[in-house]
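First comes the structure, then the notes that go with it.
Computed from the coordinates by the stated procedures, all read-outs in this text should not be read as laboratory data. Source: prediction; values computed, not measured.
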Ligand code: HEC
């Protein structure tokens, strides 16, 4: 049992190291920066359809404040696009897509 826990902790440690190396590639150093970064990307690339608060529904876009998607599903959708929502795979990099996906979920709380 204890062994299992330490293996898990070890894996978490590796994962957290991984994240650190990834984010040092961009300019994101902590969670606050991550949220601010996500917000900037959102304003530039998403707000024209979804609105600053996520619920503008311009061009038949979905209301992001009531989405049931998780960050993985949101990232996927951003990569590939859906109907009139463009794909962003050629526009945004992975750290940017991750940041904006996380930001989308914060719109729920701001409602
Ligand atoms: C050109 C307008 C447009 C832009 C720009 C746009 N979207 Fe969308 N978005 C849409 C439309 C339309 C849908 C609904 C697609 C459908 O019919 O399922 C949608 C759906 C979504 C959904 C699914 C919500 C749900 O629960 O079904 C998410 C999440 C989302 N957009 C996030 C984003 C993010 C993040 C960005 C910026 C990177 C973005 N969108 C940019 C038009 C847009």
Notebook entry, point to check: In whole percent, what relative contact order does segment 29-110 give with Cα contacts below 8 Å and a gap of six or more residues?
Noted result: 35 percent
Next item on the list: With a ≥ b ≥ c taken as the square roots of the eigenvalues of the C-alpha gyration tensor of segment 51-108, please select rounded if a/c is under 1.5 and otherwise prolate if a/b is larger than b/c or oblate if it is not?
Entry: oblate
